[in-house]
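Step one of this worksheet: look at the structure below.
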Amino acid sequence: MPQTDFILREIEKIGAMLRMLIRRRVEQKDTQDEEQLVEQTIAELFQEIQIDMQEILQLEKKDFATYFTLSKGFNFENLELLADLLYYFSQVTTLSLKNSYGKKALEIYEYINETSKTYSIERENKIKKIGL
């Protein structure tokens, strides 16, 4: 059981970190340059939960299960939070990264749709909003 407890704590830690970053994004939106906020968020993701944004952007959809579930301890809720963050990045970054972030958010949403047993109208709306 200690191993299970550790895994659950890690999943909860990831979810709490992602929710905090999303909440901070909304709160600081007016007070800080959004590109700077994206850079700061990416640095915090790596520092706090060892999520390397460059690695995620290069990750193939077929490798999501191995990368996120096995090595990082993500569940579907946390994956959707990560996709939400990537979608936000696609809205406020320069054109060169805009498509990369948007495409990866779309891939994660689609992966969740394909592998999760839950249907989400919100998720479908996010997919339509990205529209790549």
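Derivation of every value follows stated rules applied to the coordinates shown; laboratory data play no part. Because the structure is a prediction, the values reported are computed rather than measured. Here the Cβ is made from the backbone with ideal geometry for all residues, glycine too, and neighbour counts use every protein chain on show.
Thinking of the stretch 73-132 as a set of Cα atoms, what percent of all their pairs are more than 16 Å apart? All intermediate terms of the calculation are to be shown ahead of the outcome.
Numbers: 649 of 1770 pairs.
The answer is 37 percent, as a whole percent.
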Inset, instruction - Filter the DSSP H helices in the chain by two things, a Kyte-Doolittle mean of at least 0.5 and an axial alpha-carbon span of 20 angstrom or more, and list the hits by number. - result: 76-92
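Given charges of +1 on the Cβ of Lys and Arg and -1 on the Cβ of Asp and Glu, with all other atoms neutral, how large is the dipole of the chain about its Cα centre, in debye to the nearest 20? Numbers along the way, then the final one.
Details: 18 positive and 23 negative charges, 71 e Å.
Result for the chain is approximately 340 debye, rounded to the nearest 20.
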Inset, instruction - With 23 Å as the limit, write out which pairs from Lys13/Lys62; Lys104/Lys126; Lys103/Lys129 have Cα-Cα distances beyond it, or answer none. - result: Lys13/Lys62
Inset, instruction - Quote to one decimal, in nm, the extra length available between Gln47 and Tyr67 on full extension: 0.36 nm per residue of separation minus the C-alpha distance between them. - result: 5.4 nm
Legend entry - Glu10 paired with Thr94, simple spin-label distance in nm, labels 7 Å along Cα-to-beta-carbon: 3.5 nm
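Counting each DSSP H run of 4 or more residues in the chain as -39500 (n - 2.57), what helix-only mean residue ellipticity at 222 nm follows after dividing by all residues, to the nearest 500 deg cm²/dmol? List each step's numbers first, then the result.
Details: 6 runs with 97 residues, N = 132.
Mean residue ellipticity at 222 nm (helix-derived): -24500 deg cm²/dmol.
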Inset, instruction - Counting other beta carbons within 10 Å of each Cβ, put Asp52, Asp5 in order, fewest first. - result: Asp5, Asp52
